[in-house]
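The values are calculated or read from the model by the stated rules, or taken from the named source; none is laboratory data. Bear in mind that the values here come from a model prediction, so they are computed numbers and not experimental data. Cβ: placed from backbone, ideal geometry, glycine included. Neighbour counts: every protein chain shown. Areas reflect the complete protein model, heavy atoms only, side chains present, ligands, DNA and RNA absent. Shrake-Rupley method; radii C 1.70, N 1.55, O 1.52, S 1.80 Å.
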Amino acid sequence: MKKILIIAALLFSACSNEEQAPTPAVMEIKDLGQLATVEYTIGKIVQMDQTEDAWYKWGDRKILIKTRAVVKAGIDLQKLKEDDIVIKGNTIEITLPEAEYISFNMDPNYTKTEVESISGFRDNFSQKEKNEILRQGEDAIKRDLEKTNILQDASSNAEDVIRDFYKEMGFKRVIIHSTVQE
Amino acid sequence: MKINREYIRLIKNVALLVGIGILVYIVYDYFFGGEGNDSSKIAETPIHIESVKQIAEISSISYTDEIVVDSVEYFDKLDLSEDWYDAIEMTERLLYRNVKRRLTIIVKGEVHYGFDLKHDKFSAQKTNDTLTLFLPEPKIIAINMTPSGNEVYQEQGDWSDSERKKLEAKAKKKLIENVETLDLNSKAKDSAGKLFKRLLSHEKHVDIKYSENN
């Protein structure tokens, strides 16, 4: 039996074949016209405790990950319609579209496992599980963004940027109307 | 009376079978069921705003891609005089075709390409009926990567956070390299041209010139 195992191991080690990695999806290139006017850096401590998940498993299983997200908000200039810009001599009147989120980045370098407490017969957290935990953290940050002033700041900063832009273009008076979020 | 006894015996047998079933499930789950529970939820913790910055960045083009990054570690060459008694390693060699550890991640990333109008200067000059806009060269404005865009495709063996981060950094580098391959620079200029002409639709002629970033 031992000989058979050794021969089989030799055979497999001789023919070790790297599995083919999956083919990546088709890439996408999109034309944009987004003006980002505010950047929020948001921190969050993501906690999960699976100690009580199964009463018959002995030991603790807890994790605490510190993460950070960089969120940019602004306006989509492609949403500007022709009649949103009215010019009378040296005066320009412009109605800006409502502010929106432009980008959301949770770079892996912003993430650090601070505490990983495993005891008894419990397994370590796998990278797959950690990614799932961070995914929940990402959803929580996105939900809590609504409680911040990011969109209001984006809208007010957009007015400043557009005003400066048209003044640079030679307009004496720039009147800006922002579309308020419903 | 006899019916009653048989009825009680039947209930006892059914209860015993159910008990054995539960016990088998617990033993299986304990040793082979693995950890983690899909329904496990993170605790409610507040977010805190670390910084707020006023910016002025125009993203004129975006590029999204999925990069597959993979790291494989093989067992050392088999030494029969030493390894033959290591049954666990022998089984792993057989089961995983000599692969000791493997981690494959699919990383979805989005690159925003455009102009930073706050740090790189822009200006305008008007002569007769032509407005010339001097813009900085377009550049990468943001690279967005999120856990929801990542998928751990396969994970064999134990992997540390730093090893996973190295793989993700490799994917990020690949995204940056692709920007040049795809000639996003000229595409961003085309897209910006359309955008600025729209913003300056009152002008008869708009000419855009690009200069090196200051």
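For the stretch A:31-178, a Kirkwood hydrodynamic radius built from all Cα pairs, placed in the Stokes-Einstein relation at 37 °C and 0.692 mPa s, yields a translational diffusion coefficient of 177 µm²/s. Structure note, pairs A:Lys130/B:Lys166; B:Lys77/B:Lys165; A:Lys112/B:Lys165; A:Lys79/B:Lys197; B:Lys108/B:Lys166; B:Lys121/B:Lys187: Cα-Cα distances above 19 angstrom occur for B:Lys77/B:Lys165; B:Lys121/B:Lys187. Charge dipole (Cα centre; +1 on Lys/Arg Cβ, -1 on Asp/Glu Cβ; no other charges) of the stretch A:31-178 amounts to roughly 280 debye. Think of each Lys and Arg Cβ as +1 and each Asp and Glu Cβ as -1; about the Cα centre, that makes the dipole of the protein assembly as shown roughly 400 debye. Listed by chain and number, the aspartates and glutamates placed with their C-alpha closer than 19 angstrom to that of B:Lys118 are A:Glu39, A:Asp76, A:Asp153, A:Glu159, A:Asp160, A:Asp164, A:Glu168, B:Glu57, B:Glu137, B:Glu212; residues fewer than eight positions away on the same chain are left out.
Taking the protein heavy atoms of the stretch A:31-178 in the context of the full set of protein chains, the accessible area attributed to carbon and sulfur is 44 percent at 1.4 Å. Helix B:184-199 and the longest principal axis of the Cα set of chain B meet at an angle near 60°.
With respect to chain B, whose longest principal axis is taken over its alpha-carbon atoms, helix B:161-181 is tilted by about 40°.
Positive-end ranking of A:Leu80, A:Ile102, A:Ile118 along the dipole of the stretch A:79-169, with charges on Cβ about the Cα centre, is headed by A:Ile118. From helices alone, the protein assembly as shown scores -11000 deg cm²/dmol at 222 nm; the rule is -39500 (n - 2.57) for each run of n ≥ 4 DSSP H residues, then divide by the residue total.
For the protein assembly as shown, what percent of Cα pairs sit more than 29 Å apart? Cα-Cα pairs in the protein assembly as shown separated by more than 29 Å: 60 percent.
Charge tally for B:Ser148 (other residues, Cβ to Cβ under 11 Å; Lys, Arg +1; Asp, Glu -1): -1. Summary of packing: across the peptides B:181-192, B:156-167, the per-residue average of other C-beta atoms within 10 Å ranks them, highest first, as B:181-192, B:156-167.
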